Amino acid sequence: MLPYLQQYAGQSLVTGKQAEAYADHFIAVHLQEIGGGKTYSQLSAEAMAYPKGSPQYTAAEAKVQTVFQGTTLRGLLLEAYAFWKMGQIALYAAITCFVFAAIMLILTILGFIHLRRTPDEAEI
């Protein structure tokens, strides 16, 4: 966990890479430890097996709520990472399109220059 998160220590969570690292290498690790590798639904089913109001039910329900909130936060962070990644791809695609547009502008200008220099009676 440390090699992935140490580079972002003390920083605000503002990039997709930070969101991915926090979701996959901090929240996911802690959810595995809290839930023992079980999913929210598995933990919820276990909690519902205890009689309501018992200390076991209260402890299990607290664990279920923690795992639910952690899973939700992890999902939101991974969604933010996905949109950040799509934005990065769109940025590179836009830059590429502008480069090709500049090339086409140059070729168009060269075409008009060639058209002016070519006599009308020349056969092309």
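Farthest towards the positive end of the charge dipole of region 1-120, among the residues 58, 26, 5, is the Cα of 5, using unit charges on the Cβ of Lys, Arg, Asp and Glu. Electrostatic tally near residue 35: other residues with Cβ closer than 14 Å to its Cβ, Lys and Arg +1, Asp and Glu -1, net 0.
Peptides 114-121, 70-77: what's the order by average Cβ count within 10 Å, highest mean first?
70-77, 114-121
Taking each DSSP H run with n ≥ 4 as -39500 (n - 2.57) and averaging over every residue of the chain yields -25000 deg cm²/dmol at 222 nm.
Sorting the segments 21-29, 101-109, 44-52, 57-65 by their mean number of nearby beta carbons within 10 angstrom, highest to lowest, gives 21-29, 57-65, 44-52, 101-109.
With a Cα cut-off of under 28 Å and a minimum spacing of 8 residues unless on different chains, the lysine pairs in the chain number 5.
With K and R counted +1 and D and E -1, the other residues having a Cβ less than 14 Å from that of residue 68 yield a net charge of +1. Measuring between their Cα centroids, region 105-124 and region 1-23 lie 56 Å from each other. If only the Cβ of Lys and Arg carry +1 and only the Cβ of Asp and Glu carry -1, the dipole of the chain around its Cα centre is close to 360 debye. So if we plug the beta-carbon distance of residue 66 and residue 15 into 1/(1 + (r/R0)^6) with R0 = 30 Å, what FRET efficiency do we get, rounded to 0.05? About 0.70, to the nearest 0.05.
Please work out which option in (i) 0.92; (ii) 0.98; (iii) 1.48 gives Rg/Rh (Cα atoms, Kirkwood Rh) calculated from these coordinates, and answer with its label. Looking at Rg/Rh (Cα atoms, Kirkwood Rh) for this model, the match is (iii).
Any read-out appearing in this document is the output of simple, stated calculations on the displayed coordinates, not a laboratory observation. These numbers were taken from a predicted model, which means no experiment stands behind them. Ideal geometry is used to build each Cβ from the backbone, glycine not excepted, and the neighbour counts take in all protein chains shown.
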